[in-house]
Each structure stands twice: as structure tokens, then as C-alpha cells.
Amino acid sequence: MPKINGNEVRPGMILEHNDGLWVAVKCDRVKPGKGGAFAQVELRNLRTGSKLNERFRSADKVERVSLEQRDHQYLYEEDDLLHFMDANTYDQVFIQSELVGEKAQFLVPGLEVIVSFYDDEVLDVELPQKVVCRIVETEPVITGQTAANSFKPALLENGLRVMVPPFINADTDVYVNTETKEYVERA
């Protein structure tokens, strides 16, 4: 694994530090009036989720890690295991649902995702930016309400509540952003 200078750490980089794998969440460059410049880096452990603030000087060396990312297709959930299939080799991977977290509510059979591996250990499951969801319940349209930029609550088939424009009715497919959990557009 390549070693980089401590001041070269950028957000999104994955580092091996203190016997763990950490992702740089936030990096601030600090140049105090006295002493050398350093990078104040907020790190999140990829395995445990714990956070750590670390100070790296330019003379410090840290190991940068590259994760292998492979396309997978979500199959089904059984007990607390999510079953995914490698799109190229057709090998199946079983992932604990707690690793996926709240994003698991967007998983539907056949959904294409990207699974990140480090030495055959699954570290992350990346969903598409937006997915199609069906609205099962929403309030009826009120005449004249469309004149202003207004939204109404809607319940999706996965149990998530989102705000949608007044012209959206029940049994309508919509795109929902998987990161912000907001309505994007009608499908």
C-alpha cells in the first residue's frame, strides 16, 4: 500500500491508521502563527463507525488503502443477512443488514449496487443516487393548491414518508434520492 504525506489527506480517502481502516470525512488545513502547518482530519472507522480527530503534519506518513469495488445485484433478505450476487462471476455474498444501515429500506430485488471489498471483507454497499419507489398513500389534491410551490406528505411502499408535489397521487412511481430521502421526480 502506498504511503502518503500527512498533509496530502483529502476527504474520501481511506487510510490504515491505528490498526484500523478509516475514511477521511473532513480535512482542515491549519497554519498556526508559530510552528509548522498541519492537517486536522476527522476520521470514521469503516468497521465500527467510531470517529476520531487526528492531526497530521507534512512529515507524518500514512498508508492509503484502495478498496476493490464490484457490481452486485441485490437478491433477497433472510433473517439478518442480505444476499447479493456478483454481476460478473455470479458468486453470492451475504452481508449483515446492520452494515447497510438505513439504506436497506431502498433495497428491492434486482437493484444494482456497488460493494466495496478490502481483502474479501465487505466494508460498504453503495446504492444508486436515486431509486424508484411506489407511493401507497397520500392526501387528495385540493383545488387551487397548485398555484403556490407546495408539497404534501406521502407514504412509500418501504414505509418512508416523503414530501411530494400536489399532482402526485397514490399508486404513482417516483424517484427518491437515497442519500437525502427526498422526492426527486415522477418515474
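The values are calculated or read from the model by the stated rules, or taken from the named source; none is laboratory data. As the structure is a computational prediction, the values presented were derived from the model and not from experiment. Note that we place each Cβ from the backbone using ideal geometry, even for glycine, and neighbour counts take in every protein chain shown. Each accessible area value is taken on the protein alone, full model and side chains, heavy atoms only, with ligands, DNA and RNA left out. Shrake-Rupley method; radii C 1.70, N 1.55, O 1.52, S 1.80 Å.
Could we say that A170 is surrounded by 14 or more Cβ atoms within 10 Å (Cβ to Cβ) and not hydroxyl-bearing (S, T, Y) here? Spell out how you get there, then give the answer.
On the way: surrounded by 14 or more Cβ atoms within 10 Å (Cβ to Cβ): no; not hydroxyl-bearing (S, T, Y): yes.
Against the criterion (surrounded by 14 or more Cβ atoms within 10 Å (Cβ to Cβ) and not hydroxyl-bearing (S, T, Y)), A170 does not qualify.
How many of the residues in segment 82-111 are in contact with a Leu (Cβ under 9 Å, 6 or more places away or on another chain) and either closer than 27 Å to E185 by Cβ or small (G, A, S) (or both)?
Total meeting the criteria: 10.
Could you list, in sequence order, all residues of segment 47-62 that are closer than 19 Å to P2 by Cα and open to solvent by less than 50 Å² (accessible area, probe 1.4 Å)? Break it down into steps so the answer makes sense when it comes.
From segment 47-62, those closer than 19 Å to P2 by Cα are 56-62; that's our starting set.
Scanning segment 47-62 gives F56, V62.
Could you list, in sequence order, the residues of segment 55-74 that are over 21 Å from the mean Cα position of the chain (by Cα), in a strand (DSSP E or B) and without any contact (Cβ under 8 Å) to a residue 60 or more places away in the chain? Step through it out loud before you land on a result.
The initial filter retains those residues of segment 55-74 that are over 21 Å from the mean Cα position of the chain (by Cα), namely 55-63.
Narrowing the set further to residues that are in a strand (DSSP E or B) leaves 55-57, 61-63.
Selection gives R55, F56, R57, K61, V62.
Under 7 Å between Cβ atoms, which residue pairs at least 6 apart in sequence (or on different chains) link something in segment 22-33 that is in contact (Cβ under 8 Å) with a residue 60 or more places away in the chain and under 21 Å from S116 (Cβ atoms) with a partner that is of a type outside the set (V, I, T) and surrounded by 11 or more Cβ atoms within 10 Å (Cβ to Cβ)?
Going by the 7 Å Cβ cut-off, there are no qualifying pairs.
Can you tell me which residue within segment 1-40, out of those that are touching a helix residue (DSSP H, G or I) at 6+ places or on another chain (Cβ under 8 Å) and not in a loop (DSSP other than H, G, I, E, B), is most open to solvent (accessible area, probe 1.4 Å)?
Here is the first cut: in segment 1-40, the ones touching a helix residue (DSSP H, G or I) at 6+ places or on another chain (Cβ under 8 Å) are 29, 37-39.
Filter again for not in a loop (DSSP other than H, G, I, E, B), leaving 29, 38-39.
Numbers: R29: 118, F38: 24, A39: 0 Å².
The residue in question is R29.
When you go through (1) without any contact (Cβ under 8 Å) to a residue 60 or more places away in the chain; (2) under 24 Å from G12 (Cα atoms); (3) surrounded by 12 or more Cβ atoms within 10 Å (Cβ to Cβ) one by one for Q129, which number turns out not to apply?
Among (1) without any contact (Cβ under 8 Å) to a residue 60 or more places away in the chain; (2) under 24 Å from G12 (Cα atoms); (3) surrounded by 12 or more Cβ atoms within 10 Å (Cβ to Cβ), the lone unmet condition for Q129 is (3).
Looking only at segment 75-85, decide whether some residue is at pLDDT 90 or above, among the hydroxyl-bearing types (S, T, Y) and not in a loop (DSSP other than H, G, I, E, B). Lay out the reasoning, then the answer.
Residues of segment 75-85 at pLDDT 90 or above: 75-78, 81-85.
Checking which are among the hydroxyl-bearing types (S, T, Y) leaves us with 76.
Those left that are additionally not in a loop (DSSP other than H, G, I, E, B): 76.
Yes; the residues of segment 75-85 include at least one that is at pLDDT 90 or above, among the hydroxyl-bearing types (S, T, Y) and not in a loop (DSSP other than H, G, I, E, B).
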